[in-house]
Every structure is written in C-alpha cells, then in structure tokens.
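Heads up, the thing below is written out as structure tokens.
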Amino acid sequence: MNSLLITGGAGFIGTNLVHHLAAVTDHRIVVLDALTYSGDLSGIGPLIKSGRIEFIEGDVAAPETVTHVFARHQVDRVIHLAAESHVDRSIADAEQFLRTNITGTYVLLEAARAAWPDKDPATTRFVHVSTDEVFGDLGAQDAPFGANDRYRPSSPYAASKASSDHLARAWQRTYGLPVMVTHCGNNYGPWQFPEKLIPLMILNAKDGAELPVYGDGRQIRDWIHVDDHCSALRYVLERGTPGHTYLIGANCERTNIGLVEQICDRVDQALQRPAGSARALIRHINDRPGHDQRYAVDASTTHALGWRAAHTPETAMAGVIEWYLDHDRWCENIRSGEYRGWYRSQYSS
C-alpha cells in the first residue's frame, strides 16, 4: 500500500481528486494544505472524520513542515497541486505566487529527494501539476499546445508555474527524481472557488447580479470537467513514465462569451425564468492586462496511457449548475469568508 501526499488537497481540484482517489484506490492519503483564501475543508471533511484520509494544515514552502510530513507518513508518492492560481490576484500582487508556486515546489522536490534515496519509479512517483497557461497565447489557426512547445507565459501566475515546471524537470534530469509534469486546460465542476468564471456566472445569474465579461468575450479556452482531470492524474500517477510530460484536455474549446451565454440559458431554465433574463445581465468590462486569446492542448500523450475525457460542457453543465444551486449555503459561506474559521476548527489538526 502506497502513502500518497496530495498538496493543495483542500482546493477545488484537490478536493475532487481526494474523493476520486479515496474511492478507487487503497492508497493511504495525506493532504497538506495551508488553507489560504481558497482552501476549504468542507469538501473533504467527511473523509477526514471517517479516518479515510489524514489532513495536515501546513505551508508547502516551509521545509520543516514538509520534511516532517515525509518522515512521519513515509510518503512514497506525491501529487503536487498546491499553488496560488488566480491570474487576477497575481497581477495585483505577485509575491505570494512566487513563494508558493516556486519556493514551495523547490521545498517539496528537495524533501522527496532526501526521502527517496533509491528513487525507484516502481515505488516512488512525483506528479507535478501545471497549467496550459505556461505556453502563452495561441493564434486562431495554431495547432493545440504540445508537450514540446516552448514556454511564453503572459501573467505573473503563468510565469511562476513555468518556473516551477523547470525546477521539476531539472530535479528529474539532474537527480533522477521520478517526476512527471502535467498541463491541463480550464477546469470546471463542484467545489470551485466562486470568483472563478463558471461559478461566478452561475451565482450572479441566480442572484440577478451583473455578469462581468472581459473585453468582447471572444477569448477561447479548452474546458475540462474536474472529474476528467482527476481520472487523468490517476492514470499519470499509475502508468506515466518519469521524465515525460502529459497534456490533459477534453478537446472542448469554447469562447468565454459562448460559455457564459450557455450558463445563462441553463440557469433561466433551472429557475423557470423567462428566456433571456440572465443574458440581460451580461456586462462587458475592460479586458485584463496581458489576457491571452486562446488556449488548447493536444492530449495525445495522456490518451496513450488509455485515458479519455468523458464530459463536455454541453453534457455536464446542467449538473454543475444544479450543484451550485443546491449548495447555496456553501457558496454564501465562501463569499462571506465564514468558512475559514469554522471549518478549520472542525477538521484541522
């Protein structure tokens, strides 16, 4: 039985990944999360209370904490999700992104190197989870990003992730650490922090509030349901080859405005409101500085492991909207900030 450390396991993707792996594997799962503004224990709280997973509140950039976690839990596998990830926040203040995303990755790599002297990929594995944003902007006619494409990060967030990717690959090349790097498109699904595009549009449409869309909204993103991303990460963890890069995508390129309009129509249907009610709330605002026009990924590297995405926005969005409408209390707790103190007192140790 492997001892698997998931960093950032109280975040959006982390919460879904913890549930996925707890259900389909027998790994001993340890979650390390600093519970910053987007860390929320309510999603994994039942798994903590049942004893299926162990939760540790701690900073991935703190060497003493990370070293202790490796030693105490005899960690032999890592999925590294912990990151500051909101582009707007990185533009306003990049410092925390550099600390968490770059220094945190360095600390984790060094802890793994010290703990795994044999570096046997049959027993030790390190999955470094990155983003398609490190590749920069795609033209309308360009082929999707591939594993060997050069980096052209546009935002401080993307630059910090690009830096952490280079560290991960350097530790694999120099020290033989069994590292694999993944790049994924835009995720959507349950437990996503409400300032992100899809939950923000759902909740604002429900409340009759304005729906802010950057620029003309024609920016294109490659959308993937978080359940598909989680299953892909499991395939990489179990079947991937150290030193390789795996791109994870669902081949679902959609414009932001098209996605927002789809959400509007489905919210109106769910709430039995007149057609067009939510669309009337759309407001185009000044575009974000350095806003990339298009992202898309070629997922053939992950397809080669036997993985395929099972969802599209058209098949999955109704369920996502229903989840947010059914979890109104959770959304209000997140928006108000009440979740931070209460859930920490309930679940952390």
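The values are calculated or read from the model by the stated rules, or taken from the named source; none is laboratory data. Bear in mind the structure is a predicted one, so any value in this text is a computation, not a measurement. Here Cβ is always computed from backbone atoms with ideal geometry, including for glycine, and neighbour counts include all displayed protein chains.
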Quiz item: Pick from segment 298-341 the residues that are basic (Lys, Arg) and either surrounded by fewer than 16 Cβ atoms within 10 Å (Cβ to Cβ) or within 19 Å of the chain's Cα centre (by Cα) (or both): which of them is modelled with the highest pLDDT?
Solution: Arg308
Quiz item: Which one of Asp149, Asp142, Asp118 is without any contact (Cβ under 8 Å) to a residue 24 or more places away in the chain, assigned to a loop (DSSP other than H, G, I, E, B), closer than 26 Å to His291 by Cα and of a type outside the set (Val, Ile, Thr)?
Solution: Asp149
Exercise. Kindly indicate the residue of segment 192-237 that is among the aliphatic types (A, V, I, L, M) and assigned to a strand (DSSP E or B) and also surrounded by the most Cβ atoms within 10 Å (Cβ to Cβ) among those meeting that condition.
Key: Ile224
Self-check item: Residues of segment 154-183 that turn out to be surrounded by fewer than 20 Cβ atoms within 10 Å (Cβ to Cβ) and part of a loop (DSSP other than H, G, I, E, B), as a count
Solution: 2
Practice problem: Return a yes/no flag: does segment 130-153 have any residue that is within 25 Å of His19 (Cβ to Cβ), among the acidic types (Asp, Glu) and either surrounded by 22 or more Cβ atoms within 10 Å (Cβ to Cβ) or at pLDDT 95 or above (or both). | Solution: yes
Quiz item: What pairs come up if the first residue lies in segment 69-92 and is more than 21 Å from Val179 (Cβ to Cβ), the second is basic (Lys, Arg) and at pLDDT below 95, and their beta carbons are under 8 Å apart, counting only those six or more places apart or on different chains?
Solution: His86/Lys196; Val87/Arg288; Asp88/Arg288; Ile91/Arg288
Quiz item: Of Phe126, Phe135, which residue is closer than 20 Å to Tyr295 by Cα and in contact with a His (Cβ under 8 Å, 6 or more places away or on another chain)?
Solution: Phe135
Quiz item: For segment 26-44, does any single residue satisfy the condition of being closer than 20 Å to Thr124 by Cβ, touching a residue at least 40 places away in the same chain (Cβ under 8 Å) and part of a helix (DSSP H, G or I)?
Solution: no
Quiz prompt | Residue identified as surrounded by fewer than 16 Cβ atoms within 10 Å (Cβ to Cβ), over 23 Å from His86 (Cα atoms) and either at pLDDT 95 or above or in contact with a helix residue (DSSP H, G or I) (Cβ under 8 Å, 6 or more places away or on another chain) (or both) among Arg273, Arg288, Arg283 | solution = Arg273
Exercise. Would you check which residues across segment 226-248 are closer than 27 Å to Gly139 by Cα and either in contact with a Ser or Thr (Cβ under 8 Å, 6 or more places away or on another chain) or of a type in the set (S, T, N, Q) (or both) and list them?
Key: Ala232, His244, Thr245, Tyr246, Leu247, Ile248
Practice problem: Pull up segment 56-87, narrow it to residues that are within 25 Å of Cys230 (Cβ to Cβ) and among the charged types (D, E, K, R), then point me to the one that is surrounded by the most Cβ atoms within 10 Å (Cβ to Cβ). | Solution: Glu84
Quiz item: For the subset of segment 240-295 comprising residues that are touching a Pro at 6+ places or on another chain (Cβ under 9 Å) and polar (S, T, N, Q), which member is farthest from Ala147 (Cα to Cα)?
Solution: Gln262
Quiz item: Do the conditions hold for Ile53, that is, is it under 24 Å from Asn187 (Cβ atoms) and surrounded by fewer than 19 Cβ atoms within 10 Å (Cβ to Cβ)?
Solution: no
Practice problem: Return only the number of the condition from (1) under 19 Å from Thr131 (Cβ atoms); (2) at pLDDT 95 or above that Gly217 does not satisfy. | Solution: (1)
